[in-house]
1. Would you mind pulling out the separation of the Cα centroids of the stretch 68-97 and the stretch 304-349, in Å?
2. Per the Cauchy relation, a quarter of the hull surface: what is the mean projected area of the convex hull of the alpha carbons in the stretch 173-280, in nm²?
3. Roll a 1.4 Å probe over the protein chains and send me the accessible area per residue for the stretch 14-129 in Å².
4. Quick one: net charge of VAL293's neighbours, Cβ under 14 Å, K/R +1, D/E -1?
5. Give me P(r) over the stretch 146-204, computed from all C-alpha to C-alpha distances, binned every 10 Å, as integer percentages.
6. For helix 112-124, what angle does its Cα long axis make with the longest principal axis of the chain, in degrees from 0 to 90 and rounded to 10?
7. As a test of the formula, what do you get for the chain when each DSSP H run with n ≥ 4 contributes -39,500 (n - 2.57) and the sum is divided by the residue count, at 222 nm and rounded to the nearest 500 deg cm²/dmol?
8. What FRET efficiency comes out for ALA382 versus GLU52 if R0 is 41 angstrom and r is the Cβ-Cβ distance? Round to the nearest 0.05.
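The values are calculated or read from the model by the stated rules, or taken from the named source; none is laboratory data. The model shown is predicted, which means the values in this text are computed figures rather than measured ones. Neighbour counts run over all protein chains shown; Cβ positions are idealised from the backbone, glycine included. We work out accessible area using only protein heavy atoms, side chains counted, and drop any ligands, DNA or RNA first. Shrake-Rupley method; radii C 1.70, N 1.55, O 1.52, S 1.80 Å.
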Amino acid sequence: MTTLSAAPPAAPPSRALPTIDRASARAFADEFITPVADAYDRAGAVPEEIQERIGERGLWAPFLPARYGGRDLDMVTLGAVHEEMGRACSSVRSLLTVHTMLAWALKRWGSEEQIERWAPDVATGEVRGAFCLSEPGAGSDAAGISTNVRPHKGGWLLNGRKKWITGGQRADLYLVFARNESSIVALLVPRTAPGVSVTPIDDMLGTRASLIAEVGFDDVELGPDALLGPSSFASGMVLSGTLDLGRYSVACGSVGIIQAALEACAHYTTHRTVGGSRLRDLDLIRAKLSDMVTDVRAARLLCERAGELKDADDPATLMATWIAKYFASTAAARHSTEAVQVHGANGMSADYPVARLYRDAKVMEIIEGSNEIQRITIADEAFREVAR
C-alpha cells in the first residue's frame with residue numbers, strides 16, 4: 001500500500017486560484033449560494049453551474065496536495081469552509097462532505113496507480129465523488145451490510161444496493177463498502193461501469209437539493225485496482241477514518257446552521273414590531289438569541305479542536321469529532337426550532353429561510369452516526385477516563 005507520499009505524476013499546469021479561508025468562503029457563499037438556497041431547496045437540486053463554480057474556486061478537495069491540483073489546506077480551515085457552506089446551504093455542504101470523504105480515503109489509502117488515475121480530477125471536481133454505505137436494510141449499523149463482492153476473473157464482482165446516497169444522482173465515482181466473505185472492503189466504482197444504476201430519491205425532509213439517490217450494483221465487474229486498501233482492512237480503518245471526516249464536515253456544517261439561524265433572527269427581530277415595539281427589545285427574544293450566540297461559539301470551538309487534532313495526526317481527534325458533531329447537531333436542531341418560533345407563522349413559510357434550516361438541522365442529528373449512537377460512544381469515553 002502506498003499513500004500520497006509516493007512519487008507523484010507530472011504536476012498539472014499551474015493556475016491562479018483565489019485564497020481559500022473562512023472569509024473567502026463566506027464571500028463566495030454570500031454571492032453565489034445564500035441568495036438562491038431556498039430555490040435549490042424547492043427545485044430539489046443544486047444546479048450544475050454552481051457545482052462548477054465550486055470547482056473553479058478549488059473548494060471540492062482543497063486538502064489534497066498541490067501537485068495533484070489541491071491546495072494543501074489544513075483541516076481547521078477546511079472545517080471553516082464547510083461551516084460557511086452550511087451557513088449558506090446544507091445541501092451544497094452535503095455534496096462537499098461526501099466528495100471530501102472519497103477524496104480523503106483516496107489520499108490516505110489509495111495505491112500509487114489509484115492516486116495517479118483519480119486524484120487530479122477529484123481535486124478539481126472534474127470527477128465528483130459519493131460515499132456509499134447505507135442500504136435499504138442497514139443504516140448506521142455497518143455490520144448489517146448485505147452488498148457483496150467476490151473475486152472474479154482476476155478482479156471483483158459487485159452486487160447489491162445502496163440507499164440515501166448524497167450526491168448519488170451526479171457522482172462520477174462511488175466509494176462503496178461491501179461484504180467480502182466475513183469482512184467489509186472498500187471499492188472505487190465508476191458510475192460508467194456496466195451494471196451500475198442510479199434512481200433519484202426526491203421529497204426528502206431536509207437537504208432536499210443534495211441529489212440523493214439509490215445506487216444499484218448488478219453483476220458489476222471491476223478490475224483488481226478497484227479495491228481501496230488491503231483486503232479485510234476497510235471495516236477497521238478505511239470505514240472509520242472516512243466516517244470521521246464526514247462527521248467532522250457535518251459538525252462544522254451544523255455550526256453554520258446555528259449561525260444562519262442567529263443571523264436570521266437578529267435581522268427579523270430588528271425589523272419586526274409588535275405593539276409598537278421591536279421584537280428584539282423583548283426579554284424572551286433576547287434570551288433566545290443569547291443562547292444562540294453562546295452555543296454557536298462553543299460548537300465552533302469544539303470543531304476547531306477536532307480539526308487541530310486532525311492536523312496533528314492525533315488519534316484523539318476521533319472522540320473530539322464525535323463530541324463536536326453531537327453538540328453542534330443537537331444545538332442546530334434546538335436553535336433552528338427556536339428560529340421558527342421567533343418568526344411565528346412566517347417561519348413556517350417558504351418566504352423565510354428558517355423553515356429550511358429547521359428541516360436541514362433534523363438531518364444533521366441522523367447522518368454520519370445518529371445522535372443516539374453518539375451518546376453511547378461518548379459515554380464510553382467517560383468510563384474509560386474513570387478506569388485510568
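1. The distance from the Cα centre of the stretch 68-97 to that of the stretch 304-349 comes to 15 Å.
2. On the way: hull surface 40.8 nm².
Dividing the Cα hull surface by four gives the mean projection, 10.2 nm².
3. Per residue, the stretch 14-129 has 35 Å² of solvent-accessible surface.
4. +2
5. The distribution over the stretch 146-204 is 20, 54, 23, 3, 0, given as percents.
6. 30 degrees
7. Numbers: 11 runs with 191 residues, N = 388.
That calculation yields -16500 deg cm²/dmol at 222 nm.
8. Calculated transfer efficiency: 0.30.
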